[in-house]
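The values are calculated or read from the model by the stated rules, or taken from the named source; none is laboratory data. Just so you know, these numbers come straight off a predicted model, no measurement behind them. FYI the Cβ positions are ideal-geometry reconstructions off the backbone, even for glycines, and counts take in every protein chain you see. Areas reflect the complete protein model, heavy atoms only, side chains present, ligands, DNA and RNA absent. Shrake-Rupley method; radii C 1.70, N 1.55, O 1.52, S 1.80 Å.
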Amino acid sequence: MAAWSPAAAGPLLRGTRRLPLLHWAQRTFASQTEGELKVTQILKEKFPRATAIKVTDISGGCGAMYEIKIESEEFREKRTVQQHQMVNQALKEEIKGMHGLRIFTSVPKH
């Protein structure tokens with residue numbers, strides 16, 4: 001078996017396989033993507049008492065899957081499933097175009 005080399009891997013890295021690596025490098029230094037900004041804005045509007053909102057596109061930048069971390073007083077005295085239902089309801093229209101969503105909710109500690 002031949003050893004791996006960049007030249008031998010060239011055909012494997014051409015086309016669509018290069019884009020995610022390049023995109024990852026760009027995202028490392030870039031701010032939020034358009035999709036992340038849109039989801040963040042919606043959550044800010046729907047949860048005005050939120051003390052922290054973080055939206056991360058975990059699909060490589062195509063907007064198919066997001067991880068959401070949100071801390072809000074609106075979640076107080078609600079079970080986790082109810083908190084997640086609130087987030088799902090807030091993003092009802094956007095979710096239609098997604099493949100997946102990771103939601104982490106919490107209540108601010110006073």
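Looking across segment 61-77, the residues that are surrounded by 15 or more Cβ atoms within 10 Å (Cβ to Cβ) and over 18 Å from Leu37 (Cα atoms) come down to Ser72, Glu74, Phe75. For segment 96-109, taking the residues that are out of contact with any Asp or Glu (no Cβ under 8 Å at 6 or more places or on another chain) and more than 10 Å from Tyr66 (Cα to Cα), the one that is least open to solvent (accessible area, probe 1.4 Å) is identified as Gly97.
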